[in-house]
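As structure tokens, the structure follows; a few thoughts come after it.
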Amino acid sequence: MTSREERIARNEALHREVNERMRQIEEGLTAKGIVERRELDEYLCECGVDGCMETILMSAAEYEAVRSSPIRFAVRPEHVIPDVERVVEKHDRFVSVEKLVGEQAIARQTDPRS
């Protein structure tokens, strides 16, 4: 794996970790009745594009479907990087990508749910 590919994989892992923490906070606030559950929540694009802070609207079920695999990430359609990931699902608001073999190790090692 090149240093570029490793940087992309680490950027994606960082965005995924931020989304996981935001989701935990949201669930805690919802459980305490401080906020109401929304149909769609805002998540950071989990792409490897340097400096990306764009968001994606996703339902909790859509987010969980992406997170069901440690090598999958939710990204904006225009942020897919074909040489390190492949699109596995297309949705109206985002695409789900899966890391290629060379980048899967970092995705698995940095998965907050592992």
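From the list 76, 86, 67, 93, pick out the single residue that is crowded, with 18+ Cβ neighbours inside 10 Å, touching a strand residue (DSSP E or B) at 6+ places or on another chain (Cβ under 9 Å) and among the charged types (D, E, K, R).
Values: 76 fails: crowded, with 18+ Cβ neighbours inside 10 Å; 86 fails: crowded, with 18+ Cβ neighbours inside 10 Å; 93 fails: crowded, with 18+ Cβ neighbours inside 10 Å.
Exactly one of 76, 86, 67, 93 is crowded, with 18+ Cβ neighbours inside 10 Å, touching a strand residue (DSSP E or B) at 6+ places or on another chain (Cβ under 9 Å) and among the charged types (D, E, K, R), namely 67.
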| query | Cβ-Cβ below 9 Å, separation at least six or inter-chain, first residue in segment 61-79 and within 16 Å of residue 22 (Cβ to Cβ), second in a loop (DSSP other than H, G, I, E, B) and acidic (Asp, Glu): which pairs? | reply | 66/46; 67/111; 73/46; 74/46
| When only residues in segment 90-109 that are acidic (Asp, Glu) and more than 13 Å from the chain's Cα centre (by Cα) count, which is farthest from residue 8 (Cα to Cα)? | 92
| field | Members of segment 1-43 that are buried (at least 18 other Cβ atoms within 10 Å of the Cβ) and either in contact with a Ser or Thr (Cβ under 6 Å, 6 or more places away or on another chain) or β-branched (Val, Ile, Thr) (or both) | value | 8, 13
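Name the strands (runs of 3 or more DSSP E) wholly within segment 1-78 that hold at least 1 residues that are of a type in the set (Lys, Arg), more than 9 Å from the chain's Cα centre (by Cα) and over 25 Å from residue 102 (Cβ atoms)?
Working: elements: 41-44, 55-58, 72-75.
Here the list is empty.
From 64, 46, 36, 42, grab the single residue that is touching a helix residue (DSSP H, G or I) at 6+ places or on another chain (Cβ under 9 Å), charged (D, E, K, R) and under 16 Å from residue 111 (Cβ atoms).
Details: 64 fails: touching a helix residue (DSSP H, G or I) at 6+ places or on another chain (Cβ under 9 Å); 36 fails: under 16 Å from residue 111 (Cβ atoms); 42 fails: under 16 Å from residue 111 (Cβ atoms).
So the residue among 64, 46, 36, 42 that is touching a helix residue (DSSP H, G or I) at 6+ places or on another chain (Cβ under 9 Å), charged (D, E, K, R) and under 16 Å from residue 111 (Cβ atoms) is 46.
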| said: Just to be sure I understand, how many residues within segment 79-99 are over 12 Å from residue 6 (Cα atoms) and either aliphatic (A, V, I, L, M) or part of a strand (DSSP E or B) (or both)? | reply: 12
| field | Given (1) of a type in the set (Asp, Glu); (2) in contact with a Cys (Cβ under 7 Å, 6 or more places away or on another chain); (3) in contact (Cβ under 8 Å) with a residue 40 or more places away in the chain, index of the condition residue 111 fails | value | (2)
| request: Working carefully through the options 6, 42, 36, 27, find the one that is of a type in the set (D, E, K, R) and closer than 21 Å to residue 94 by Cα. | output: 42
| task | Filter segment 44-54 down to residues that are surrounded by 14 or more Cβ atoms within 10 Å (Cβ to Cβ) and not acidic (Asp, Glu) and give me whichever is farthest from residue 84 (Cα to Cα). | result | 44
| task | Would you mention how many residues in segment 20-61 are in contact with a strand residue (DSSP E or B) (Cβ under 8 Å, 6 or more places away or on another chain) and farther than 27 Å from residue 6 by Cβ? | result | 7
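Quick note: the coordinates plus some simple rules give every number you see, no bench work behind them. Just so we're clear, the structure is a prediction, and the values are computed from it rather than from any experiment. Neighbour counts run over all protein chains shown; Cβ positions are idealised from the backbone, glycine included.
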